[in-house]
Amino acid sequence: MPQLLEDELFPSTPGKFKMERGHTMNRQFHRCFASTSTMFLWALFLIALTASYLSFQSFVDSGSRYFSASWGGIQWEKQVRNSAQIHRSGGMAVLVTGAAGFVGTHVSLALKKRGDGVVGIDNFNSYYDPSLKRARKSLLNNHGILVVEGDVNDGRLLAKLFDAVAFTHVMHLAAQAGVRYAMENPQSYVQSNIAGLVTLLEVCKSANPQPAIVWASSSSVYGLNEKVPFSESDRTDQPASLYAATKKAGEEITHTYNHIYGLSITGLRFFTVYGPWGRPDMAYFSFTRNILQGKSITVYRGKNQVDLARDFTYIDDIVKGCLGSLDTAKRSTGSGGKKRGPAQYRIFNLGNTSPVTVPELVNILERHLKVKAKRNIVDMPGNGDVPFTHANISYAQREFGYKPTTDLQTGLKKFVRWYLSYYGYSSKIVN
Ligand SMILES: O=C(O)[C@H]1O[C@H](OP(=O)(O)OP(=O)(O)OC[C@H]2O[C@@H](n3ccc(=O)[nH]c3=O)[C@H](O)[C@@H]2O)[C@H](O)[C@@H](O)[C@H]1O
């Protein structure tokens, strides 16, 4: 019986010759074979188990990467496309870099309000209080604008955004701003204003269709130029700060991409932009804060005791200039990295055309805040400042009817109103 069972379990091949001794050997062989194959089966089982564990682990890993990343995924792409949806005929789909920045926020809102599609990107760095950037982001979110948290140096992210949306325009405002900070952290200027710009241009040049690009240069490119007012054709080869030098480099770099790849480029030289939701590192903002807190302010004075002056430009005028530039930007001529013909290349001054001295700026703030400033007047340190700026805006006026309408007195009143309400002061202070 046992033998039968054994034979059943290990049936001999038909016609196989069997002997008694051979039978015993056969049994030992079978026993041995049985244990080897059991081990083999176990080994197989363990290998399979390990393999499935490892593949499950890698699935979990990639899954968690997929879901925990601040970008990527089907849901994310859907949000990007929703935000880029155009709600007017002939409208544009605009990628706004630096969207949680001062100018970026205002431009994004203006575009969205008139029915254009807007997707923002911002790295929320800590150059100044990131909570202000977060508050601007909330404002944008409330208007249906998605702000992706990411850096313009992240080419994969930018490419992914272009995969999701065929942006018609890029409004490139992400930058390391501030003239004097360049002495403290020079690398951040190279990283944002040069490396980041090139990464963005690389993605734009390869996109199909290529977008038209409007980007923020700066009045600081005029550097030590003494001819006033500053015209776009004036020399810009004497920068006084690394900030100015990186913006000037940006103008040359964008020209290269225009020339080689047919990207449509418009550079905007902003002149000391101010207003609600502004930048805390700028003089009008930090003066307001210090005056209200009873702290002294440092007012720089130029050579021979001449007051410094700026062509302070109100944010709403700048927004009109940005939208005018976007509206008149011609299409890029290339596609997928190949130029098909010459493309538009423009540079505009966006200023106010009426410079005001820094002491006069302080006078206006004192009137609006009804507080006397404690002025500490010092000679301008050699840290990148220029003595004055003054824009000739006739080119922008000709091309798209740019006409600033807000003087410093009016603009600062609006700024102070916003400041008091945002930081929780009594609004009775302002006239
Ligand atoms: O047009 C631009 O392209 C640039 O504009 C802005 O630079 P600036 O014109 O230098 O503005 P801002 O710092 O407000 O100083 C204003 C005046 O106050 C003086 N100033 C400044 C600080 C201080 O403590 N005391 C002082 O007298 C100072 O000497 C100056 O005379 C942007 O910051 C810059 O990112 C860039 O966009």
(message) Suppose we filter N208, N225 for residues that are in a loop (DSSP other than H, G, I, E, B) and either open to solvent by less than 10 Å² (accessible area, probe 1.4 Å) or within 15 Å of the ligand (Cβ to nearest atom) (or both); which single one remains?
(response) N225
(request) Output the number of residues of segment 284-309 satisfying the condition of being open to solvent by 40 Å² or more (accessible area, probe 1.4 Å) and within 31 Å of the chain's Cα centre (by Cα). (result) 1
(message) Of everything in segment 84-115, what is under 16 Å from G150 (Cβ atoms) and buried (at least 24 other Cβ atoms within 10 Å of the Cβ)? Give them in sequence order.
(response) L95, V96, T97, G98, A99, A100, G101, G104, S108
(request) Of all residues in segment 138-181, count the ones that are in contact with a helix residue (DSSP H, G or I) (Cβ under 9 Å, 6 or more places away or on another chain), open to solvent by 10 Å² or more (accessible area, probe 1.4 Å) and assigned to a helix (DSSP H, G or I). (result) 9
(request) Might you let me know whether segment 357-379 holds any residue that is among the small types (G, A, S) and out of contact with any helix residue (DSSP H, G or I) (no Cβ under 7 Å at 6 or more places or on another chain)? (result) no
(message) Can you find a residue that is modelled with pLDDT under 95 and either surrounded by fewer than 20 Cβ atoms within 10 Å (Cβ to Cβ) or outside any loop (DSSP other than H, G, I, E, B) (or both) anywhere in segment 405-426?
(response) yes
(request) May I ask you to list pairs of residues, at least six apart or on different chains, whose Cβ atoms are under 6 Å apart, with the first in segment 362-391 being open to solvent by 20 Å² or more (accessible area, probe 1.4 Å) and the second being among the hydroxyl-bearing types (S, T, Y)? (result) K374/S296; N376/S296; N376/T298; V378/T298; M380/Y300
(request) Filter segment 291-326 down to residues that are without any contact (Cβ under 8 Å) to a residue 40 or more places away in the chain and under 19 Å from E360 (Cα atoms) and give me whichever is farthest from the ligand (Cβ to nearest atom). (result) N304
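The values are calculated or read from the model by the stated rules, or taken from the named source; none is laboratory data. Everything quoted here is computed from the prediction, not taken from an experiment. So basically every Cβ, Gly included, is an ideal-geometry build from the backbone, and we count neighbours across all protein chains shown. These accessible areas exclude ligands, DNA and RNA; they are computed on the full protein's heavy atoms, side chains included. Shrake-Rupley method; radii C 1.70, N 1.55, O 1.52, S 1.80 Å.
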